Amino acid sequence: MKSFFSKRFSSVKTYPGLVLFVICCLLQTSLLQANNEKIDSLKNLLNTPVHDTIRIKALIDLGEKYYYIDQETAKTYYTEAKNFALKNSEKNPKHRDIFLKLKAVALTQIGYIHRSQGNFVEASETYFKVLDIGNTIYNDDIIFDGYNSIGIINHLRKEYSIAEKYYKLAMEVAERTENIIAKSRMLNNFGVLYYDYGNNTDSIPLKMEYYEKALRNYLEMLDIRVRLNDLRGQVICYNNLGNVTSQKATFLENENHIRQELHKAINYYQKAYAIAEKLNDLTHLSRATGNLADVYLVKYEKYKNVSSNERKAFVDSIEFYISESYKHAKELGSLLQKNAVSEMAMGIFHKVGNSDKALEYAKIYINTKEQIFSEEKERYIDEMNIRYETEKKESEIKLLNSENQIINLKVNKATRERNLYIIIAFSFFILSGLIYKLYYNRKKTEKILATKNKDLKFLNTTKDKFISILAHDLKNPISAFGNIAETLETDFDKLDNEKKKTCIQQLNRSSKQLNTLLKNMLEWALIKNKHSETEIDKLDVRHISEEAIKSISSLSSGKNINIINSIPSGIIVNANKLYAVSVFNNLVTNAVKFSKNNSPVVVSATKNDKEVIISVEDKGIGISEDDIKKLFRIDVDASTIGRAEEKGTGMGLILSKEFIDKMNGKIWIKSKPGEGSTFFFTLPLV
């Protein structure tokens, strides 16, 4: 017997990984057993008569025990604790604050679950309830948690300005209460926020401004962590300082400045490494060395005036630090860290041209990714088994209290077997769902690519037609300029004053037509290429229309046309002033242009609950149904509409439609040949 055990234990020395695996399995089993025992103890406590505060705390503790096993069950216990606390706060006004504080604790945990599941709206609503409780009972700790949690939710949603607002409110609470730990947390949150701000803006000056803000917050946080002798907090600070400094360097142009910033980054990472080594913190050892490899990649890419030996030294440093980072990840035994390091290494070696190393780490990345997926499946099945075991024990407790224990135990055994089959079937269904999701995502990606290609094809077609219109419509006024100029040059002395005046009028008409065409084309191109949101203001429709009408007074007086503006004052809309004036200008100009001499043009407006409907009516030549279909379209030649002396390019109406669409309005026309036309458009009321 002795020799058998000796043989077994001597062989273990050859397989240290097996020992670690066995220890991990035993540890996991013991932890699960301890957790199940604690759950049983808390449930037994709930079945006994205890004080209400103890019952609420037991429900919250049960939620915490289930948090990493089954979040829906955890949420059920937190919700029960919340409701029970609310009921007691209403029933016992004397102890209201105690129960409301417990309610806030339960709500906070519910908010964490919503946040971890990506339900940001529900999480935000929950944290606002926490904040209301804090303000009701004047509890600064709860108020701080409420503001900070709301800030984090908006930070995750990339609503940075809102996140900053609530972070500042949380910081005010921390400073007012002189809570140095809370202040340190907020400095870290501000650092991350400004770092993300910088990474999500295209403006280099703004990037530099946000990176500097991030650095100031991290340095102030570091000062607090040093005073508290918090070594782990210092490691985080130094790593964050290195990240911001290194990122800042990548956007600098001056090589001396780049060298200075990268020198600082290396110094921060080395300090992080030294403290992590002292703590034997393998996670941060791996991160620090990985970050150092990334810094040397920036050197490799950014330094221009370096020798081939220096560049080789950079590559050697990259290889060394990546090797160290992966070594620490392996010692840590973390698949996630090994996966992160291998992914980073794969990209870095590809950039420095070391395809062998890139391939080596690509294989590691794929292998760890598959293992992570496999572990997630196993973890899911383990969670299902734990839930099943928990349900089984609860059933057994009820059966032991029953009069017919033997009969019920037999029934329970059959039920358990059925549940087991259901669980296995359900697990298979989940796995099938995961496979289908992968397939669906692939098809979805293909569909998105097809849509993008279709959009690109449409844009290219629109561009070609735009150029065609531009070339076609520029030809006539330019040709007219040339012909008239040639006539004036060759026959100037032969022409009488009346013919000279006619030539000059034709030149003036062609220049105005050319100016209008170029102005409309330029505005159309600008609005098509503008990516920022349209600025909307509160505007009086009467004032906008008067401004547009004044700008074309010379045109209307030349044809003796009376423009009647019957829009009353006080109709306020949400619109962009530049766009709105341009629309009025285009529509009234067209009305005057196509109207007979001595006829009126009427501008009026009516409104309903949501919008104002504005009309521009003329008594001109009118437009046929076929020609109406050509309006507002870039892909149709609208220059054939109208009499020869009044033809237009149609770009003014195309531009007007673009502007109306930008302001969330609509535009349309009613017209009959020989009777005139009425153009309508809408703008949203305030």
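Results for (1) open to solvent by less than 70 Å² (accessible area, probe 1.4 Å); (2) touching a Phe, Trp or Tyr at 6+ places or on another chain (Cβ under 7 Å); (3) not hydrophobic (A, V, I, L, M, F, W, C), shown as yes or no for each residue.
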| position | (1), (2), (3) |
| --- | --- |
| E301 | no, no, yes |
| V352 | yes, yes, no |
| K357 | yes, yes, yes |
| K369 | no, no, yes |
Output the qualifying pairs, or none if there are none: Cβ atoms under 6 angstrom, residues six or more apart or on different chains, first residue in the stretch 209-221 and more than 16 Å from S246 (Cβ to Cβ), second residue surrounded by fewer than 16 Cβ atoms within 10 Å (Cβ to Cβ) and modelled with pLDDT under 95. none
Scan the strands (runs of 3 or more DSSP E) fully inside the stretch 540-630 and keep the ones with 3 or more residues being of a type outside the set (S, T, N, Q) and open to solvent by less than 40 Å² (accessible area, probe 1.4 Å). 600-607, 611-618
Matching residues, the stretch 54-67, being over 20 Å from E122 (Cβ atoms) and surrounded by fewer than 16 Cβ atoms within 10 Å (Cβ to Cβ): I54
Go through (1) open to solvent by 40 Å² or more (accessible area, probe 1.4 Å); (2) aliphatic (A, V, I, L, M); (3) closer than 18 Å to S246 by Cβ for L332 and report which single condition fails. (3)
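Please work out if Y218 is on the phi < 0 side of the Ramachandran plot, surrounded by 22 or more Cβ atoms within 10 Å (Cβ to Cβ), out of contact with any Ser or Thr (no Cβ under 9 Å at 6 or more places or on another chain) and not aliphatic (A, V, I, L, M). Reasoning before the result, please.
Details: on the phi < 0 side of the Ramachandran plot: yes; surrounded by 22 or more Cβ atoms within 10 Å (Cβ to Cβ): yes; out of contact with any Ser or Thr (no Cβ under 9 Å at 6 or more places or on another chain): yes; not aliphatic (A, V, I, L, M): yes.
Yes: the conditions hold for Y218.
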Restricting the stretch 140-192 to residues that are within 18 Å of the chain's Cα centre (by Cα) and of a type in the set (D, E), the residue that is surrounded by the fewest Cβ atoms within 10 Å (Cβ to Cβ): E159
I need the full set of residues from the stretch 189-234 which are polar (S, T, N, Q) and within 22 Å of I162 (Cβ to Cβ), in order please. N189, N199, N200, T201, S203, N217
Select from the stretch 276-298 the residues that are without any contact (Cβ under 8 Å) to a residue 40 or more places away in the chain, part of a helix (DSSP H, G or I) and either open to solvent by 30 Å² or more (accessible area, probe 1.4 Å) or under 17 Å from G353 (Cα atoms) (or both) and list them in ascending order. E277, Y296
On the given criteria, is F120 among the hydrophobic types (A, V, I, L, M, F, W, C) and surrounded by fewer than 19 Cβ atoms within 10 Å (Cβ to Cβ)? yes
The stretch 654-686, subset assigned to a helix (DSSP H, G or I) and either touching a Phe, Trp or Tyr at 6+ places or on another chain (Cβ under 9 Å) or of a type in the set (G, A, S) (or both), residue farthest from T589 (Cα to Cα): K662
Any residue in the stretch 153-160 that is in contact with a helix residue (DSSP H, G or I) (Cβ under 7 Å, 6 or more places away or on another chain), at pLDDT 90 or above and within 27 Å of D97 (Cα to Cα)? yes
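Working carefully through the options Y268, Y273, find the one that is under 13 Å from T245 (Cβ atoms), of a type in the set (F, W, Y) and either buried (at least 16 other Cβ atoms within 10 Å of the Cβ) or touching a residue at least 60 places away in the same chain (Cβ under 8 Å) (or both).
Numbers: Y273 fails: under 13 Å from T245 (Cβ atoms).
Just one listed residue meets the conditions, Y268.
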Residue list for the stretch 68-100, restricted to those being farther than 20 Å from Y138 by Cβ and open to solvent by less than 20 Å² (accessible area, probe 1.4 Å): D70, A74, Y78, A81
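Any idea which residue in the stretch 526-539 is most open to solvent (accessible area, probe 1.4 Å), counting only those that are modelled with pLDDT under 75 and under 14 Å from Y579 (Cα atoms)? Walk me through how you get there before you give the answer.
Filtering the stretch 526-539 down to residues modelled with pLDDT under 75 leaves 526-534.
Of the ones still in play, those that are also under 14 Å from Y579 (Cα atoms) are 526-528, 530, 533-534.
Working: L526: 110, I527: 12, K528: 106, K530: 100, E533: 165, T534: 31 Å².
In this case the residue turns out to be E533.
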Residue among D316, D281 that is acidic (D, E) and closer than 24 Å to L231 by Cβ: D281
Among the residues of the stretch 61-68, is there at least one that is at pLDDT below 90 and outside any helix (DSSP H, G or I)? yes
Subset of the stretch 508-525, residues touching a helix residue (DSSP H, G or I) at 6+ places or on another chain (Cβ under 6 Å), open to solvent by 40 Å² or more (accessible area, probe 1.4 Å) and at pLDDT 65 or above, comes to E523
Which condition number does T108 fail, the rest of (1) within 26 Å of Q247 (Cα to Cα); (2) open to solvent by less than 70 Å² (accessible area, probe 1.4 Å) being met? (1)
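The values are calculated or read from the model by the stated rules, or taken from the named source; none is laboratory data. Quick caveat: nothing in here was measured; it's all calculated off a predicted structure. Note that we place each Cβ from the backbone using ideal geometry, even for glycine, and neighbour counts take in every protein chain shown. Just so you know, the surface numbers come from the protein's heavy atoms only, side chains and all, with ligands and any DNA or RNA stripped out. Shrake-Rupley method; radii C 1.70, N 1.55, O 1.52, S 1.80 Å.
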